[in-house]
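Chemist: Sharing a structure here in structure tokens format.
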Amino acid sequence: MFKNTKAYLDNIKKKDPAARGYLEIILLYPTVLSTFNHRIAHFLFGKKFYFLARLISQVTRWITGIEIHPGATIGKNFFIDHGMGVVIGETTRIGDNVTLYQGVTLGGTGKDEVTRHPILENDVIVGAGAKVLGNIRIASGSKIGSGAIVIKDTSMDSTAVGQPARIIDKKPANVVSILEKKGTEKTIYNQMSI
């Protein structure tokens, strides 16, 4: 248990340069309290203690500003940076090493009856204020831009931006092909990194 806890705290330290030490993270980071309480609420929800599970969820929301339905499934090394205004729906499934920023909604669209919320695979990052809605799959390594509204599946290692979100590649094919023809790709990418 303590080995997993240390790995969890190390993950937060790695992802947040403002984190100075373990005690600060444990006592002052709302992601720790909300994730810990969610694990308890999720266990109780699975045992059909629905009222108690929801009570823990709602008290945690009141304290942290983070609302996670006890039915949601969350993997290891889950990190919510800042956290205020995060909402995670009942049938959401979140993989390992996922990061959410403040104001993110993982919600439903009202169109599906059983699985109403998104699936976030491993290593996904969701920017501040983004809305990921409906029974969709956010593929491993995907990044969702701040303020994006995502209502369709993403592909691995893609980036989704806009309202509604569109997928953009790491290196747009049309720009790369033009640069390769002129033999200037390396020069331009070096200039872009300056």
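The values are calculated or read from the model by the stated rules, or taken from the named source; none is laboratory data. All values reported here derive from a predicted model rather than from experimental measurement. Heads up, the Cβs are rebuilt from the backbone with ideal geometry, glycines too, and the neighbour counts pull from every protein chain shown. SASA here: full protein model, heavy atoms, side chains in, ligands and nucleic acids out. Shrake-Rupley method; radii C 1.70, N 1.55, O 1.52, S 1.80 Å.
Table: residues versus (1) surrounded by 20 or more Cβ atoms within 10 Å (Cβ to Cβ); (2) polar (S, T, N, Q); (3) part of a helix (DSSP H, G or I).
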| site | (1), (2), (3) |
| --- | --- |
| ARG20 | no, no, no |
| ILE40 | no, no, yes |
| PHE45 | yes, no, yes |
| PHE51 | no, no, yes |
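Chemist: Do you know which of the residues in segment 114-131 that are over 17 Å from GLY95 (Cβ atoms) and open to solvent by 20 Å² or more (accessible area, probe 1.4 Å) is modelled with the lowest pLDDT?
Modeler: Among those residues, the one meeting the criterion is VAL114.
Chemist: For segment 66-100, how many residues are of a type in the set (Ser, Thr, Tyr) and surrounded by fewer than 21 Cβ atoms within 10 Å (Cβ to Cβ)?
Modeler: Counting residues in segment 66-100 that are of a type in the set (Ser, Thr, Tyr) and surrounded by fewer than 21 Cβ atoms within 10 Å (Cβ to Cβ) gives 2.
Chemist: Checking LEU28 against (1) free of Cβ contacts under 8 Å to residues at least 24 places away in the same chain; (2) open to solvent by less than 60 Å² (accessible area, probe 1.4 Å); (3) not aromatic (Phe, Trp, Tyr), which test does it fail?
Modeler: Only one criterion in (1) free of Cβ contacts under 8 Å to residues at least 24 places away in the same chain; (2) open to solvent by less than 60 Å² (accessible area, probe 1.4 Å); (3) not aromatic (Phe, Trp, Tyr) is unmet by LEU28, namely (2).
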